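Any read-out appearing in this document is the output of simple, stated calculations on the displayed coordinates, not a laboratory observation. Everything numeric here is computed off the predicted structure, so don't read it as measured data. As a convention, Cβ positions derive from the backbone with ideal geometry for all residues, glycine included, and neighbour counts pool all protein chains shown.
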């Protein structure tokens, strides 16, 4: 069980992605739409290596805060890596894979949350 609040988890994940130059980080509140999670965080890398590095950084930063993912999938291909933190699911894509699956459109009924407060120094 995480010692972080949900907001602290969101901040740590977004900062980790931003620190490794993730592209187009999106935070979508889906709490009212599904029991799957409260939030999706979606970002992409520019290569499979970058995508893996982004996911590794999220895992590393949260493990430092005693918050390992419940599940992780996709490291083998590194085109779509999912890190499941219970209420928060992180989707790290390779750009072309993100464009193909277009989760933002699929979850367009969700609430887009401004992440600027999370990445301020």
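Annotation: of all residues in region 86-121 being out of contact with any strand residue (DSSP E or B) (no Cβ under 9 Å at 6 or more places or on another chain) and touching a residue at least 40 places away in the same chain (Cβ under 8 Å), the one that is surrounded by the fewest Cβ atoms within 10 Å (Cβ to Cβ) is 109. Once region 33-53 is narrowed to residues that are part of a loop (DSSP other than H, G, I, E, B) and free of Cβ contacts under 8 Å to residues at least 40 places away in the same chain, the residue that is surrounded by the most Cβ atoms within 10 Å (Cβ to Cβ) is 34.
If the condition is being buried (at least 19 other Cβ atoms within 10 Å of the Cβ) and farther than 18 Å from residue 22 by Cα, then region 54-79 contributes 67, 69. Only one of the numbered conditions (1) in contact with a strand residue (DSSP E or B) (Cβ under 9 Å, 6 or more places away or on another chain); (2) buried (at least 16 other Cβ atoms within 10 Å of the Cβ); (3) outside any strand (DSSP E or B) is violated by residue 82, and that is (3).
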